[in-house]
Each structure stands twice: as structure tokens, then as C-alpha cells.
Amino acid sequence: MRTRPLTRVGQYVALACYVVFLGFPLLWLFSTAFKSQQELITLHPTLFPRHWSLDSFRTALDNTEVWSSLKNSLVVAVATAIITTLIALPAAYALARGRSIVRTVSIGWILVSQVFPFVLIVIPVFIVLRNLGLLNTLVGLVLIYVVWALPFTLWMLQGYVTAIPRELEEAAATDGASRFATLRKIVFPLLMPGIVATSMFAFISAWNEFFFALVIITDPAKQTAPLLLARYVGSEGSVNLGPLAATALITTLPSLLIFGIIQRKLVAGLMSGSVKG
Amino acid sequence: MKRSIAVVGTALCAVLLTACVSNSGGGDTSTSAAGSPAAGEKINLTFSSYAFQDPTVAATQAIVDSWNKANPDIQVQYQKVDAESVHDKLVTQFAGNSAPDIIHDESADIAGFSQQGYLADLGPLLPAELKSDVPESVWKSVTYGGVITGVPTIAQVYCVFANTDLLKAAGIEVPAADAPWTWDDLATNAKKLTSGDVTGFAWGLKSPAAGIMSSGLAFDGTFFSGDEKNPTIKVGDNEMQVPNRIAAMLADGSMGKDSISLSGSDVLPGFFGGKYAMVMAGNYVATQIDGKAPSGFTWTMLPLLKGTSQHQASNPQTLSVAKQSKHPQQAADFIAYFMKAENLAKIAEGDALIPVTKSAAEIVKKDMGDKNGWPAILASADQLVDAPWNKAEKFPDWKSKIANPSYQQFLAGKLDAAGLAKALGDGWATVGG
Amino acid sequence: MAVTTAPAPPTARPKAKRASSNQRPMWWLLLPSLIPVIAFSVYPLLNGIWLGFTDARAGYQVPFAFNGVDNYQRLFHDVFFWDSFKIGLIWAFSVTVLQFLLSLGLALLLNAGLRFQWLIRPLALIPWAMPSVIVAILWKLIYLPDAGILNAFLRGIGLIDTNINWLGSFNLALPAVIVVGVWAGMPQTTIALLAGLQNTSMDLHEAAALDGAGAWQRFRTVTLPALKPVIIAITSLDFVWNFNSFGLVYVLTEGGPGRSTMLPMLFAYQSAFGSGEFGYAAALGNAMVVVIMAILGVYLWRQMREAN
């Protein structure tokens, strides 16, 4: 299968267009973060700062809450990713191999939970958390994010499990391996790429979530990064743009870095699952 | 074994569910976020504030710190929230019976919460000298059904910011405080200033209702009358004065067409770049001009525009106490402390807003001097009147569903004046007003 | 592993019987996820659905009661709701379709064995990595009529003479926010499709190539059918997510100008949080669930039928 040179050139041009479309806002964020106060409000914006300035970063980092909020976000996102995966894994296995009625009910729940307007869920969730004494705690936030990420995670993971031939497990069982050993030695390794992919999804959804964090967290020391970012936005559309851009850039880079590192696994992982999903 | 796990699990779910359901009414009186009620013990109060500018946040923190130092038995915890989310957070917290004790909000927003019964009556809790320090008209704008539910702190007015170099070049003098421009003067001068690349006037009217209706009070455009909770609407000549004048300026090109879809401070690039000679905005924009204008840029705020009067709607920021609070008196004491002249002055200066107490205004006047037109703006607290729509129950609904879209259609030329008046009037019935 | 002797429930169809052989030890695997799901998802969902049949409102110690279909009668006559519903459908359909087509193109390119994939794959995930708080603000800045970089660029290459007021124009506001919506949702779609592409067997392609099929024909007869399950899964999810999204549009336009970008979810949000009409807002949510499920049902059913 050779591709003609002309087609190749066309492909690269198209790819470049995509990169510009998808990447431009990040470039703009980058450039905004390095512009001086005066350059931020100008009638003739330039793609790159005329004078590179670190003022916005200084203001942003002067705020000690930047580090605590980044730490909180990281703790919450990592905990969400791990817990989601741990509880979704057995459930996905049961769903994939289990009885059809459980499957039907679960799929029904997965769909309804995605379709029902999320703003109407906030208050009941808030009341449940209050009754459990989990308001203003990161634990409460993690619990909600876990449930929030579960439908998608379950959906994909049960697809990966379905993709693993039953015969593999049965063969292990006839060899006398216990059920647990079968799961650990045969199923788990095969699921690894899928686990990476779904935990990434759980991570990013917790990392970026705003509304639940807004209503649940009141103590400034416990707030997550999106809450801190929102505080750079005033009423009537006035924005403290420089520090906002600098802080946003600081919170964007970690997730991009992680994407860069695990992108191979991410793609390989999604591969088997989504087909069955 | 497995069976027992299952049974325990099911039981757990059931318990959890009952716990949830039995408490879901939203109106029960169980534990709130406040601290212990026992006498002689330390009292913890929570105070949520949406202070935005860095100096204001610092001033708020300083007030809280000094209070905590002076009152070891009544500790206040400062919770920060962003301005756009205050309302959503409060709705949820009120419904979940977990609101902060002391609530920073604004008059227009606490109207709804007051009617829903979420805010404590502050009348008996406030010291007399505070009551006499704030103009009666401003107190009226935080009194709902005879009950004061918020203490007004700082207020904004819509004022014209002018590029003084461009004014000078066109031979236009900056008006004195006792001889303010009328809306006619604004139109004449905007036309005079419009030439070549310069447009005379601009106004970021992305959410047009608030600014247009507030300015309309200068022409006695009251819109509503009758019962304060369920008033009747009338859109007549007075109400149409400001929209018609804006439309005329848009038509003759002395007002920037692009500006009307921007939010309040997005007109600043054009103002700094000399594209707009004058812009209308909330006076808080002064802080942004101070920090971000190109060097050499000279500007001033003009005294409030005059119609038949200089009235604008009073919509001050407020401090309230939640009815769910267990320590209303202590919370009110903190508010009184917050309102002390030297405290409130710092808050006002940080946000470049107008303190509503006379004592704080004196301090700000001294600190600000007479540059950039500050004296006239500081004096305008007296021009703030309680808008007749402030307490109308269906007003927020009408404003978002009817008024803003209709004004937008009018400004874009999709509705004529008669059409706008009809849409505004009929819309009141549509939302059940 | 002990084989259970318990007979399958009488209602179970024959197909389920085989699976039920390892049923018993299986279902406690669901338990860890069941408890949080019931507390934080099923219960709030049921609560929300129930509220839709009551007159619940915000208020201190305000009782509420069952009011049957009153909310739905009111909803039926609410012209603003129906207007917003129409806009919501236009929004959700266009965003989903454009998202799908663009993502498919990108996924095909990323699968074509070009260089720099290690660099471009993470770049394709940029919209995912940026905090949603700043995304809308950045796009608003890009779209600004006189100080925005988009108009500056278009002026620079001579495409326009006068600035275009992207978000302020009645005709352009909806398309402009749709572009942002497409941008924001591309990562998950691209990744899912790319994964599906990598899974379609190379052998099939090569066989088709030997048969002399052109690139387009190979795509149509080999790639597309193999990709179909992924396409159905991701487009239906995208559709639901898009229909339910409103944060982006809220910051960009607040539903304006003149209601031209008033999405139904914005409407529900205003009813619940703006007016405190929890019951009515929940009824609105219920109505949306019914309509969206119906649309999805038709879509999925048609796809299944074609597949058979």
C-alpha cells in the first residue's frame, strides 16, 4: 500500500490545519500569559508579546493559594482515577460476564444519568453529602467525582472485558486456578491498556470539574484549581486576565505532559474497548 | 460468607437511602455549618465574600484578622467565592441548610432570597449610628416587606469615562459637578467627537437591561407601580427615553455599533486605543483603567448624566445574615464592625466603588483627591434611588427572558420603538408578573 | 468454582441461562460501585424525577406537594422553552455531526503512518487539557470584534475589510458558538475513532488493495463498516453531552443576542437557580430525558437494523 507523494503532501497540509485549529487557543493562552498589563488591553493584539513579561506569573505565584489548590486538584484527581478504576473493574467484569437483566438495568442507569440535566442533580447530591457530614471535604468531592466518572468508565471497561475470550478463563479454570487467580493472572494484564485509558478520563474530568467543587468546598485551603481560576473573573465580564492566563497555563501543563507520556498506551488501550462498547 | 456480605451491603444501601430521603425537604432545622451553641464557648462564624480585586481581598482579610484578634471568642472564617457564582452557591447552600452566617451579595440578588425567607431581619440587630450613616433611599433598597435583610456597603453608578485629550482637541470642556451634562449634551458632544477613526461614544451593553433601566430613572422611567411584590408594568415615553437616545446615536454613527454586544469592560481596548472618545461603564472600571491604560493616557469620569434628574437605581453590595445562622447577633456585630468608616473606606478604594456611609465617603474623598473626576462620583450616593422593580418577584425572570433579549433586538434594529415597548409590556404577563 | 444448581429465573430468556452458570459469586463484584452510585447518582436522579411532579420552590421551610402534570401543562405552553428546544436541537445536531466528521478526518490522518505522531496526538488532546473556566474566556477574546485576533488575522490576509461582530450578530452567534463546541469535544471523539481504526484489521485492507480497490472504496467498504460500532457509541454519547452542555455558551453569550443562543439547559438552569422553581425545572429535565431518549432510540434502532 503505497501512498502517492501528492496525497502525502495533502495529508500533511490537512494535519497542519488541524493542529492550528486545535492548538491555537493554547498558543493564545501562552502568549496572553506572557504579555504585560498594557499589552493585554490593546486594539491591535499581536500573536506573540511585543515585550515578554513575567508580571502575570509573579502575581499568580504571589498568591499562595495557587500551590495549595494545585495540590488539592492533584490529590482529588488522582484519588478519583484510582478509586473509579478499582470499583469499576469488578463491576465491569460482572456486567460483561453477568446476567442480562443486570446489564439492562445498568445500561439504563448509564444513559439516564448522562441525559438528565446535571444542574438539577446538584442540590440533592449536596443534601446527601451534608447528611453524611462530608461537606467541605475533599473526600466528599472525590466520592462525587467517582460516581460522576463511573458511567463512561464502566461502559468502556465492560467492553474491554467482553473483548477477552471466555475460553482463556475457562482454560485457566480447568487447570485448577482459583477464580481470583484467573482474574489476577489472565484478565487483569489484558485489561491494562483499557484501565489506563479510563483512569485518564476519570482524572481529567475530576481535574476540570467546577460546579460541584463550587458548592461543596467553602474553606479556601481546600479549594481546587478551577475554583481559584474562577476567582480571577469578576462580575459583568471583567477579568483579571494576566494572572488568570498564567495560572491557567500552570494548570494546563501537567495534564498535557501526562497525555504526552501515556499517549501510546491511551490509544492502544481504547482500541480494544471501544469496538465492543 | 458471601451471602452475609450481600445482606450487609443491601442493608447499608437501605440505611443510606432512608437517611437521604428523610432529610431531603430542604427546610429542616438540623445542624448548620455554624459552631457550637453552648454559652461561654467559642463561637465560629463563616463569612463568604466575593471581593474580586486584590486590594479588596486584602482589605477584607485585614478586617477579618483584626476582628478575630479583638474577639477571641467569636472567630470569623473568611470564605472566598467568585462573583459570578455567588448566587448558585447560595441557592444550593440555602436549600441544603448550610449557608454561611454572614453573606456578601448585592441588593438585586438578595431580593429573591429575602422573599424566600432565607435572610434574617437585621433591623433590631444593628447599632443606631450605622442606620443614620446611610442615606434613607439606600436603606429602602435593602428593605423587603418592611424588613431590612441586608446592610448596604458599596455601590456603583454608570458613568461616562472620557479621554480628556480627545475632548480637549475637539474643544469640549469637562463639565463641573454642579453642571452635569444632560443626555442631549452627550449626544451633541459624541457627534462632535466622531471623525475619521474616532467614534464619540461606546457602551458595552451585552446584558442591556440593567444599565438602560438604571439610567432611565433619570427620566423618571419607573416601569413598575403598585404592589411592590406584584407590580403592574407600564412602558411609556419616560421608559423609552434612554433606548431611543441610544438608537439615535447608533443611527448617526456617533456610537460604536460593535460595542453594544460587548460586556462592560470589553470596550476598554477601544477606549485606550483612541477608537472611542467616551465610554459608559460602571465606575468600578476605574481600577482597570488605572492599572492597564497605556502610559500618557489621560482620562476622567464625568458627573452622572442628567435627564430630568441624575437618579440611578440603587443596587449596592450588601452584607446579610442567614436565617439559618445560630448566632445572628454576633454576625450582625461583625457586620457593624465591617461598616466602620476606616474599614469600609479601604474596601471601597480597592474596588473603586462608592461607600454608602457618609463617614467612609469622607475618608475616600480625602484619599482619592480630586483627580479623574472622583469627587463628583463619590457624591452621587445621594442620587441612588430604590428602583421600583427591585422587589418585584418576577423581575429576575422577566429581565433574563424578556428584557435583555428584547433590548438586544431593539439595539440590533430588529425591533422598532413601539415593538420594544410592546415586547417589554406583554412579556411581563408572559412570565406571570 | 462451584457450579450453582439454582434454576434460572423463569423470566430469563434462554440466552441468559448460559451466563447464569457463574452468576452467584459474581454480583457482589458490583457492590463496591453500587453503594456510591445509589447514594450519589440513583437517589439524586430519582429525587430529580420526582420533583418534576411537584410544585417545589426555593424557600425557607417551604412545604411542597405533588401536583401531577401541572408542570407539564405549563411547559407545553411555554413558548420560550420550545424556542430554546429548537435551538438546542440545532446546536446538538450540528456540533455532533461536525465533531464526528472532523474527528474522523483527524483520526484517519493520525492513522496514516505520518511522522510526528508522538507530538500531534497530545496536541489533539489540548481542548481536553485546558481548564474549562478559561476556554470560554479565551474564545471570547479571540472573537472580540475590534480587539480580537480572529478579525485581526482575517483583515491581515485581506479576507474582510470591516470587523465582524461574531458573538454579537444574530446570524453569526450560533455558528460561532458551534465552532467552539466542536473544538471542545474533539479529543474524546478523535481518540475513540482512532482506537477503532487501529483495530480494523490490516489484512482486510491489504486484501482489498490487492483486489484493486481505490482508497475511497477501501474506506467505504472496509474501514467504515468495521468502525460502525465505535461510531454509533461515540456519536450517541456526544449527542447527549452536547445537548446537555451550556457552560461554554453561557460565558460566551449568556444566551444572546435576543435569545439566539438560548440552549434548553441554560433555560433549565435559569428556572432552577435563577427563579428557584425546582419543580418546574425538574419537569423540564424529565421532558428532555424523554425526548432525547426517543431520538437516541430511533437512531440506535436504525443503526442496529442496518447492521443486521
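Just for the stretch B:293-314: of the residues that are in contact with a helix residue (DSSP H, G or I) (Cβ under 7 Å, 6 or more places away or on another chain) and of a type in the set (G, A, S), which one is farthest from B:A387 (Cα to Cα)? It would help to see each step written out before you state the result.
Our first condition is that a residue be in contact with a helix residue (DSSP H, G or I) (Cβ under 7 Å, 6 or more places away or on another chain); within the stretch B:293-314, this holds for B:293-294, B:297-314.
Those left that are additionally of a type in the set (G, A, S): B:293, B:307, B:309, B:313-314.
Working: B:A293: 34, B:G307: 16, B:S309: 14, B:A313: 5, B:S314: 7 Å.
Ranking the qualifying residues of the stretch B:293-314, first place goes to B:A293.
Exactly one residue out of C:I142, C:I134 is aliphatic (A, V, I, L, M) and surrounded by 22 or more Cβ atoms within 10 Å (Cβ to Cβ): that is C:I134. Scanning the stretch B:301-309 for any residue that is among the basic types (K, R), assigned by TED's automatic domain parsing to the domain that holds B:W183 and not in a loop (DSSP other than H, G, I, E, B) turns up at least one such residue.
Yes or no: A:G242 more than 25 Å from the chain's Cα centre (by Cα), facing another protein chain (nearest Cβ under 10 Å) and either crowded, with 22+ Cβ neighbours inside 10 Å or aliphatic (A, V, I, L, M) (or both)? First the steps, then the outcome.
Values: more than 25 Å from the chain's Cα centre (by Cα): yes; facing another protein chain (nearest Cβ under 10 Å): yes; either crowded, with 22+ Cβ neighbours inside 10 Å or aliphatic (A, V, I, L, M) (or both): yes.
Yes; evaluated as a whole, the condition is true for this residue.
Any idea which residue in the stretch B:152-175 is nearest to B:L130 (Cα to Cα), counting only those that are assigned to a loop (DSSP other than H, G, I, E, B) and in contact (Cβ under 8 Å) with a residue 60 or more places away in the chain? Please lay out each step first, then the result.
Looking only at the stretch B:152-175, we keep the residues that are assigned to a loop (DSSP other than H, G, I, E, B), and these are B:153, B:156-157, B:170-175.
Remaining after also requiring in contact (Cβ under 8 Å) with a residue 60 or more places away in the chain: B:153, B:156-157, B:170, B:174-175.
Details: B:T153: 11, B:Q156: 20, B:V157: 22, B:A170: 46, B:V174: 36, B:P175: 34 Å.
This residue is B:T153.
Of everything in the stretch A:157-205, what is among the acidic types (D, E) and either modelled with pLDDT under 75 or exposed (fewer than 13 other Cβ atoms within 10 Å of the Cβ) (or both)? Give them in sequence order. Explain how you work it out, then say what you get.
Filtering the stretch A:157-205 down to residues among the acidic types (D, E) leaves A:167, A:169-170, A:175.
Hits for the stretch A:157-205 are A:E167, A:E170, A:D175.
Where helices (runs of 4 or more DSSP H) fall entirely within the stretch B:1-117, those with at least 1 residues that are modelled with pLDDT under 95, facing chain C (nearest Cβ under 9 Å) and within 22 Å of A:K222 (Cβ to Cβ) are at B:86-95. The helices (runs of 4 or more DSSP H) found wholly in the stretch C:64-156 and carrying at least 2 residues that are within 13 Å of chain B (Cβ to nearest Cβ) occupy C:79-110, C:132-143, C:149-156.
In the set (1) more than 14 Å from chain C (Cβ to nearest Cβ); (2) under 30 Å from C:T253 (Cα atoms); (3) surrounded by 20 or more Cβ atoms within 10 Å (Cβ to Cβ), the condition left unmet by B:D397 is number (1). Restricting attention to the stretch B:262-289, the residues that are part of a loop (DSSP other than H, G, I, E, B) and touching a strand residue (DSSP E or B) at 6+ places or on another chain (Cβ under 6 Å) total 1.
Looking at the stretch C:92-103 only, could you name the residues that are of a type in the set (S, T, Y) and either touching a His at 6+ places or on another chain (Cβ under 7 Å) or surrounded by fewer than 21 Cβ atoms within 10 Å (Cβ to Cβ) (or both)?
Filtering the stretch C:92-103 down to residues of a type in the set (S, T, Y) leaves C:94, C:96, C:103.
Result: C:S94, single match.
Checking each residue in the stretch A:116-133 for being over 27 Å from C:L284 (Cβ atoms) and at the interface with chain C (Cβ under 9 Å from one of its Cβ atoms) picks out only A:L132.
For A:T137, the conditions (1) over 15 Å from the mean Cα position of the chain (by Cα); (2) closer than 15 Å to A:A88 by Cβ are fulfilled apart from (2). From the list B:A190, B:A155, the lone residue that is surrounded by 22 or more Cβ atoms within 10 Å (Cβ to Cβ) and touching a Phe, Trp or Tyr at 6+ places or on another chain (Cβ under 7 Å) is B:A190.
Only one of the numbered conditions (1) more than 11 Å from chain C (Cβ to nearest Cβ); (2) farther than 30 Å from A:A221 by Cα; (3) in contact (Cβ under 8 Å) with a residue 40 or more places away in the chain is violated by A:N136, and that is (2).
Residues in the stretch B:376-392: is at least one under 30 Å from B:Q115 (Cβ atoms), part of a loop (DSSP other than H, G, I, E, B), within 14 Å of another protein chain (Cβ to nearest Cβ) and at pLDDT below 95? So that I can check it myself, show each step before the final result.
First, the residues of the stretch B:376-392 that are under 30 Å from B:Q115 (Cβ atoms): B:380-392.
Now restrict to residues that are part of a loop (DSSP other than H, G, I, E, B): B:386-392.
Of the ones still in play, those that are also within 14 Å of another protein chain (Cβ to nearest Cβ) are B:392.
Those still in the list that are at pLDDT below 95 too: B:392.
Yes, the stretch B:376-392 has at least one match.
Per the conditions (1) within 9 Å of another protein chain (Cβ to nearest Cβ); (2) closer than 25 Å to C:I126 by Cβ; (3) surrounded by fewer than 17 Cβ atoms within 10 Å (Cβ to Cβ), the sole criterion not satisfied by A:L86 is (2).
Which members of the stretch A:94-115 meet the condition of being at the interface with chain C (Cβ under 8 Å from one of its Cβ atoms) and part of a helix (DSSP H, G or I)? Talk me through it step by step, then tell me what you get.
Initially, the stretch A:94-115 is screened for residues at the interface with chain C (Cβ under 8 Å from one of its Cβ atoms), giving A:94-95, A:97-102, A:109, A:111-115.
Result: A:A94, A:L95, A:R97, A:S100, A:I101, A:V102, A:W109, A:L111, A:V112, A:S113, A:Q114, A:V115.
State all residues of the stretch B:193-230 that are of a type in the set (A, V, I, L, M, F, W, C), farther than 14 Å from B:W389 by Cα and buried (at least 22 other Cβ atoms within 10 Å of the Cβ); if no residue qualifies, say none.
Of all residues in the stretch B:193-230, those of a type in the set (A, V, I, L, M, F, W, C) come to B:193, B:198, B:201-203, B:205, B:209-210, B:212-213, B:217-219, B:223-224.
Then drop every residue that is not farther than 14 Å from B:W389 by Cα, which leaves B:193, B:198, B:201-203, B:205, B:218-219.
Listed by number, the residues that qualify are B:L193, B:F201, B:A202, B:W203, B:L205, B:A218.
Applying the criterion of being under 30 Å from C:G212 (Cβ atoms) and among the small types (G, A, S) to the residues of the stretch A:3-45, the residue that is farthest from the other protein chains (Cβ to nearest Cβ) is A:G10. Of the helices (runs of 4 or more DSSP H) contained entirely in the stretch A:172-221, those carrying at least 1 residues that are aliphatic (A, V, I, L, M) and within 8 Å of another protein chain (Cβ to nearest Cβ) fall at A:188-208, A:211-216.
Mind listing just one residue for me: the one in the stretch A:29-66 that is surrounded by 15 or more Cβ atoms within 10 Å (Cβ to Cβ), aliphatic (A, V, I, L, M) and not assigned by TED's automatic domain parsing to the domain that holds A:G242 and, of those, nearest to B:A293 (Cα to Cα)? In this case the residue turns out to be A:I41.
All of C:I178, C:I232 fail the test of being assigned to a helix (DSSP H, G or I), modelled with pLDDT under 90 and either crowded, with 16+ Cβ neighbours inside 10 Å or more than 8 Å from chain A (Cβ to nearest Cβ) (or both), apart from C:I232. Within the set C:T223, C:T261, the sole residue that is part of a helix (DSSP H, G or I) and either away from chain B (no Cβ under 14 Å) or farther than 25 Å from A:A149 by Cα (or both) turns out to be C:T223.
Kindly provide the set of residues from the stretch B:44-84 that are in contact (Cβ under 8 Å) with a residue 12 or more places away in the chain and of a type in the set (S, T, Y), ordered by number. So that I can check it myself, show each step before the final result.
Of the residues in the stretch B:44-84, the ones in contact (Cβ under 8 Å) with a residue 12 or more places away in the chain are B:44-64, B:67, B:72-83.
Of everything in the stretch B:44-84, those that are in contact (Cβ under 8 Å) with a residue 12 or more places away in the chain and of a type in the set (S, T, Y) turn out to be B:T46, B:S48, B:S49, B:Y50, B:T56, B:T60, B:Y78.
All of B:A403, B:A332 fail the test of being closer than 30 Å to C:G256 by Cβ, surrounded by 20 or more Cβ atoms within 10 Å (Cβ to Cβ), modelled with pLDDT of 95 or more and small (G, A, S), apart from B:A403.
For every residue, the table says whether it meets (1) modelled with pLDDT under 90; (2) within 26 Å of A:Q11 (Cβ to Cβ); (3) touching a helix residue (DSSP H, G or I) at 6+ places or on another chain (Cβ under 8 Å); (4) surrounded by fewer than 16 Cβ atoms within 10 Å (Cβ to Cβ).
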{"position": "C:G105", "(1), (2), (3), (4)": "no, yes, yes, no"}
{"position": "C:N111", "(1), (2), (3), (4)": "yes, yes, yes, no"}
{"position": "C:I120", "(1), (2), (3), (4)": "yes, yes, yes, no"}
{"position": "C:A129", "(1), (2), (3), (4)": "yes, yes, yes, no"}
{"position": "C:G168", "(1), (2), (3), (4)": "no, no, yes, no"}
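The values are calculated or read from the model by the stated rules, or taken from the named source; none is laboratory data. Note that the structure is predicted; figures quoted are calculated from it, not measured. Quick reminder, even Gly has a Cβ in these numbers, built from the backbone with ideal geometry, and neighbours come from all protein chains shown.
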